[in-house]
1. How about the stretch B:282-357: which chymotrypsin sites (Phe, Trp or Tyr not before Pro) there are in a DSSP loop, with at most 10 other Cβ atoms within 10 Å of their Cβ?
2. Accessible surface of B:Y365 in the full protein assembly, 1.4 angstrom probe, to the nearest 10 Å²?
3. Largest first, please: the extent of the C-alpha atoms of the protein assembly as shown along each principal axis, to the nearest Å.
4. When the dipole is taken about the Cα centre of chain A, and only Lys, Arg (+1) and Asp, Glu (-1) are charged at their Cβ, what size is it in debye, to the nearest 20?
5. Which loop-located trypsin sites (Lys or Arg not before Pro) does the stretch B:248-355 contain, where loop means any DSSP state but H, G, I, E or B and the Cβ has at most 14 other Cβ atoms within 10 Å?
6. Could you pull the accessible area for B:D157 with a 1.4 Å probe, rounded to 10 Å²?
7. Helix by helix through chain A, keep the DSSP H runs that span 24 Å or more along the axis on Cα and average at least 1.0 on Kyte-Doolittle, and give those back in order.
8. Taking +1 at the Cβ of each Lys and Arg and -1 at the Cβ of each Asp and Glu, which of A:L50, A:L102, A:F13 sits farthest along the dipole of chain A towards its positive end, judged by Cα position relative to the Cα centre?
Amino acid sequence: MTYLKKNKLIIFFFILGILQILYYWSERSNFKLQILSNPFKKNSYLSYILPERIIETRKILISNDINKFNLSTKLRNEMYFFQRVIELNYPIKFDPKSKYILVSLEENQNCESIFKGQYIELQKCP
Amino acid sequence: MPIELKSFNNKISIILLLLILSNYFFMSLGFFNLILKINIILFFVSIVYFYSKNFKNNLSLKIYFLLIVIICLGTAAEGWDLRSLYLFHAKRIFFDQSLYSVADNYAVFSHNDYPLLPHAFSASFAFLSGYWHEVFPKSAYTFFYLAPLIFLSSHIDKKKYLILLSLIIFFLGTHLYDGGIDGLVAIYFITTAYCIYEIFFSRKNENNNPIFIFSTFLFCVCLSLLKNEGFALLVLLFLTASFVSLFEKKLLFNLSRILILCFSFIPFMVWKIFCYKNGISNTDFTFSLLNENLLERLVVLENFLLFFQYLIISNEKVIIALLFFAFSFYFNFNKKLFYFVIFLFSSYLALLLIIYFSTPYDLNYHLETSANRVVESLTLLLGFFSLYNLNILNKTS
């Protein structure tokens, strides 16, 4: 009891710090026990944070053994998509001169279709 | 705090800083092999040693930090800047096995001119596991906080240190675990500011020894290599130290120490020369933009209102920090410390004004997307020195 009385300021601020961390944990983070159980997982739990059509580009490029790719003008103009696709697929690089081009399914691109995914298509232009 | 514990904390923080910098040094020389893995294993061993030796020493930091690391390792890499800039740089270093692959200026949006110290550290986490993934390398940014936090614990008494930890958690918030660099800039900035103040103005004998000056040098190097803003803050710190010395008519007395610490600019300058030689420049700020946008925006009053609204008025953390500062200095007016903080605060605010007014983007958009982050260094500066000022009050009373 004497210890508590003597150190009430220390205890108050210690609890305040803990409460703040708990607040950030519960309200300001997308904490998942599954991620904590294996933070070394190769897929980096991308499905929690990235849209499926961005993750699909990686599957398409890897399965078709592509080293450099291009993006349709429409996809290039979507800033979020553009940046995510470039960083996610590295070391496969974006190259505007590449004949392999990723297009979204609703686009009309008159090149040879190589692979059609659920959202994205890989085409080979001459 | 007993002298032995203080000395132990100092040594641990110096070891952690040296291991972070040696990691960068090895990478800059092209050593991407066993030596890098040993370096990072030593880093973890040092942390385990810090936790296990004198367990009760710094217990609050140990508990807080453990909880923050748990949150960090339980969240995926989500933030825009984290993915587009920081982890992307780490990924490039990992796959290209080079710090210099940015010379191709690939993916301009990733700001290839940014210094690579924290990203090299993050890449080494991936090297340790042998393959690229995101969650564990993201935690490198959290581990980067440890050295200054341990260092500060040995210079502030226990009660004030607990308040400081609460302030840091409050002001930096999610940055502690989400891989944001601005929180790191803020914490390294206040630690360096504290060291500079102690060396040049406080002049306590215990803080004017070669080990303390060496620690300051290491913090200066780290601050400058975190981000461009870090270097700008470092220059402001040196300018402030010089001005206050001049004001006190002690510039000549302090000149040798200022010059010694100026050597900490070298790694950043080397990096900038490399960028300049390879045509890599900052996309947000160039001297041509200074002419085009700055002068045009300076004559419009609404721009100033917008600037102060985003950076101060509508930011509750800045308001709280300012109130705390006023409260602290109302009760104990330490003239030297007051001018030191005010000069730093206003000069950084002026620098931010120049940068924001020169932006090639819409001013409102740029402020809206970044003001909250860049102002963290200012809020923590006010918060830390307000507490430090009360610390003086405690000691003198």
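The values are calculated or read from the model by the stated rules, or taken from the named source; none is laboratory data. Quick caveat, the model's predicted, so the values are computed rather than measured. Counting neighbours? That spans all protein chains shown, and the Cβs are built from the backbone with ideal geometry, glycine included. Side chains included, ligands, DNA and RNA excluded: accessible areas come from the protein's heavy atoms. Shrake-Rupley method; radii C 1.70, N 1.55, O 1.52, S 1.80 Å.
1. Passing both the DSSP loop test and the Cβ count: B:F333.
2. It works out to around 110 Å².
3. Result, largest extent first: 82, 57, 42 Å.
4. 680 debye
5. Here the sparse-neighbourhood loop sites are B:K249, B:K250.
6. 50 Å²
7. Once both thresholds are applied, what remains is A:8-27.
8. Result: A:F13, furthest along the dipole toward the positive end.
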